[in-house]
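The values are calculated or read from the model by the stated rules, or taken from the named source; none is laboratory data. Since this is a predicted model, take the numbers as computed values, not measurements. In this analysis, Cβ positions are derived from the backbone assuming ideal geometry, glycine residues included, and neighbour counts consider all displayed protein chains. All accessible areas refer to the heavy atoms of the entire protein, side chains included, with ligands and DNA or RNA removed. Shrake-Rupley method; radii C 1.70, N 1.55, O 1.52, S 1.80 Å.
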Amino acid sequence: LTALLILLGFPATQVVVAVLLSEFATGGMGAIAHHLVGNADLRSDKLHFRMAVLLGTLGLIGGSTAAVVAISLPEWVLDTAVGGVIAAMGVVLLVARHLRLRFSWWRAGALGLIAGANKGFMGGGFGPLIVAGQIAIGDSMRSAIAVTSLAEALTCVGGITGYLLMGTSIPWMLTGALALGGILASVLAAATVRVLPARGLKSIVAAVYLFLGGLTLYASLT
């Protein structure tokens, strides 16, 4: 989404703020939908809820810090960086399909901090890193996506706070349009994730990120 909006000519900082605000709403709605269809148990006393809170809290810290850095960068530098990060996330998803690590809370915490910094920097990118990381430490694709929806909503708060503290204005029309479409999509996505084969889903997402990242890099450098 960040890549496509930049390609359409929207300023990168305005895009990031709009994406963060809309994903705060869609992440919460998506988490509820995933819980209701059974992709993960997000009740407060369950493992996946605790993991989402950890990832979201550390992501919030990373997101707010990265937002302050991003706002000070020239527009072309930010565009180029966004393209590089998006393409890199496609590679991460492809590699994560074959990587298996033992679960630990410190690994999950480090993952949340890194992914949150990425989200604060470019508005998006939290989900692919968190999903890939959870798969690498042994979680299933469906529950990883559900946990990510809740954690992402929490992380958005950090990025939004950082941009507002730096005096960035909120593009309300763009934010509203993204939120309306995103809320509808998040409900439909929960049902879709429930029925799609996990391996095929990972390959599709990875390929889309590689394509969008390359396209964004090309646009920013030409």
Practice problem: Determine the distance separating the Cα centre of region 1-46 from the Cα centre of region 139-198; give it in Å without decimals. | Solution: 1 Å
Quiz item: What length, rounded to one decimal in nm, is gained on full extension from Arg43 through to Ser72, with 0.36 nm per residue of separation minus their alpha-carbon distance?
Solution: 6.5 nm
Quiz item: If r is the Cβ-Cβ distance from Leu196 to Trp106 and R0 is 41 Å, what FRET efficiency results, to the nearest 0.05?
Solution: 0.85
Practice problem: Measure nothing fancy, just the Cα-based angle from helix 12-37's long axis to the longest principal axis of the chain, in degrees from 0 to 90, nearest 10. | Solution: 20 degrees
Quiz item: For Val95 and Met166 in the same chain, what is the full-extension length gain: residue separation times 0.36 nm, less their Cα-Cα distance, in nm?
Solution: 21.9 nm
Quiz prompt | Additional length obtainable on full extension of the chain from Ala177 to Val53, 0.36 nm per residue less Cα span | solution = 41.9 nm
Practice problem: Give me the angle, in degrees from 0 to 90, between the Cα long axis of helix 126-136 and the longest principal axis of the Cα atoms of the chain, rounded to the nearest 10. | Solution: 30 degrees
Exercise. Give me the percent of the accessible area of the chain that comes from carbon and sulfur atoms, probe 1.4 Å, all protein chains in place.
Key: 74 percent
Quiz prompt | Residues of region 1-133: accessible area per residue with a 1.4 Å probe, Å² | solution = 42 Å²
Quiz item: Mind checking the angle between helix 141-165 and the chain's longest principal axis? C-alpha axes, 0 to 90 degrees, to the nearest 10.
Solution: 30 degrees
Quiz prompt | Protection proxy ranking of 144-151, 178-185 - average other beta-carbon atoms within 10 Å, highest first | solution = 144-151, 178-185
